[in-house]
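The values are calculated or read from the model by the stated rules, or taken from the named source; none is laboratory data. From a predicted model like this one, the values you see are computed outputs, not experimental measurements. Note that each Cβ is placed from the backbone with ideal geometry, even for glycine, and that neighbours are counted across all protein chains shown.
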Amino acid sequence: MLTLNHITKKENFTFYVNCDIIIFVTRGMLSLENGGKEMTEVVINKAILSYHEANRYETIFQGEGLLGKKEHIKNVIKTSLAIADFKHSNVDREFLAVCAEHHDDGRVDQYRLLGKFWDNVVTHNALGLDRFDQFLLGLEEFTIDQSVNIFRDVILYHGRMRLANLSPESKEYVEIVTAADDFENACSCVSYLVHEVETDAKGYISQNPEADQTEVSNFVFDHFKDGVKFDKMKYCKTYAEYVLFAATLATSCIKKYGEIAKVALQQPGYGYDTILAGYKDVFRKTLAPEMAEEAYKVLASMIR
């Protein structure tokens with residue numbers, strides 16, 4: 001059970017902030033299940049349930065480098081359920097929570113292979129799918145049904161929906177988990193971006209030591225300003241661009257979810273009075289002065 005340390009109400013939204021966790025619900029959500037819209041129940045395949053029990057996030061995200069992901073998973077589960085209610089989606093909530101919990105399982109294997117989270121070497125999506133498929137192959141018997149197809153699609157295509165022609169059944173689950181992942185990353189990234197730059201955690205310096213790490217292309221800045229997500233593996237060449245990619249998660253959430261995202265970014269969290277203040281500090285420490293000022297103006301003007 002969550003202990004609610006801070007509550008903010010604005011218009012039709014109530015935000016519960018528990019330390020560094022931002023959870024939002026619509027008014028009436030607690031009394032009207034799914035806005036009066038009947039959920040489509042999914043019978044979860046026994047193989048998925050077995051995998052779920054053997055790979056709980058509290059267990060697999062252990063040790064140095066992985067503990068932070070445990071908090072991320074917990075937040076994505078909560079945010080996925082909140083977004084489903086916000087959208088009045090008819091997805092099965094129990095199955096959605098399972099999908100959200102395992103969307104990043106591939107990060108465990110990625111960290112063990114590389115000692116870091118580098119999708120440009122091998123994607124955590126592919127590793128997560130392989131992890132699940134190998135589990136299936138280790139069973140004495142299993143069947144492939146709709147729930148398995150949806151589960152696999154969430155693992156492989158969250159954050160990468162442009163790469164797939166998803167079935168209508170899978171699309172809603174992948175969309176919600178992707179949105180929750182973006183929303184959580186848009187808030188939590190203020191806690192780690194500066195450290196990643198200082199330690200070359202993403203390898204931009206080691207891969208291109210001559211590059212000006214404060215340089216930002218017009219393409220990246222325009223997408224940040226317009227709230228349009230882009231492929232960071234293709235277009236981010238410097239840490240400044242990587243930081244603005246993270247900030248684009250915030251601007252795209254504002255564009256898609258409007259007031260609910262604006263209010264969330266004005267809540268305290270991760271050691272800052274507001275998430276917006278966190279972005280201001282990150283911009284100041286990682287971008288060229290003029291770009292830092294311009295980027296903050298863009299984000300602040302979208303929120304206020």
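Among the residues of segment 64-92, which ones are more than 18 Å from the chain's Cα centre (by Cα) and modelled with pLDDT of 90 or more?
H88, S89, N90, V91, D92
Could you give every pair whose Cβ atoms fall below 9 Å, whose first residue belongs to segment 141-163 and is at positive phi and small (G, A, S), and whose second residue is in a loop (DSSP other than H, G, I, E, B) and buried (at least 19 other Cβ atoms within 10 Å of the Cβ), counting only separations of at least 6 or pairs across chains?
Taking only residues 6 or more apart or on different chains, the pairs are G159/H103; G159/K229.
Exactly one of these conditions fails for C253: (1) touching a helix residue (DSSP H, G or I) at 6+ places or on another chain (Cβ under 7 Å); (2) modelled with pLDDT of 95 or more; (3) under 29 Å from D85 (Cβ atoms). Give me its number.
Evaluating C253 over (1) touching a helix residue (DSSP H, G or I) at 6+ places or on another chain (Cβ under 7 Å); (2) modelled with pLDDT of 95 or more; (3) under 29 Å from D85 (Cβ atoms) leaves (2) as the failure.
Taking K297 as meeting all but one of (1) surrounded by fewer than 20 Cβ atoms within 10 Å (Cβ to Cβ); (2) in contact (Cβ under 8 Å) with a residue 40 or more places away in the chain, write down the number of the exception.
It fails just one condition, (2).
Tell me the residue from D222, D200, D231 that is within 16 Å of the chain's Cα centre (by Cα), of a type in the set (D, E), over 18 Å from G278 (Cβ atoms) and assigned by TED's automatic domain parsing to the domain that holds A300, please.
That would be D231, the only listed residue that is within 16 Å of the chain's Cα centre (by Cα), of a type in the set (D, E), over 18 Å from G278 (Cβ atoms) and assigned by TED's automatic domain parsing to the domain that holds A300.
Quick one: which residue in I144, I176, I155 is closer than 25 Å to I48 by Cα and in contact with a Gly (Cβ under 6 Å, 6 or more places away or on another chain)?
I155
Considering only residues that are in contact with a helix residue (DSSP H, G or I) (Cβ under 9 Å, 6 or more places away or on another chain), surrounded by fewer than 17 Cβ atoms within 10 Å (Cβ to Cβ) and closer than 17 Å to L67 by Cβ, which ones fall in segment 102-136?
Once the filter is applied, which keeps residues that are in contact with a helix residue (DSSP H, G or I) (Cβ under 9 Å, 6 or more places away or on another chain), surrounded by fewer than 17 Cβ atoms within 10 Å (Cβ to Cβ) and closer than 17 Å to L67 by Cβ, segment 102-136 yields only K116.
Can you tell me which residue is nearest to C253 (Cα to Cα) among those in segment 72-123 that are in contact with a Gly (Cβ under 8 Å, 6 or more places away or on another chain) and of a type in the set (F, W, Y)?
For segment 72-123, the residue satisfying everything is W118.
Looking only at residues in segment 147-174 that are surrounded by fewer than 18 Cβ atoms within 10 Å (Cβ to Cβ) and outside any helix (DSSP H, G or I), which one is modelled with the lowest pLDDT?
Here the residue is A164.
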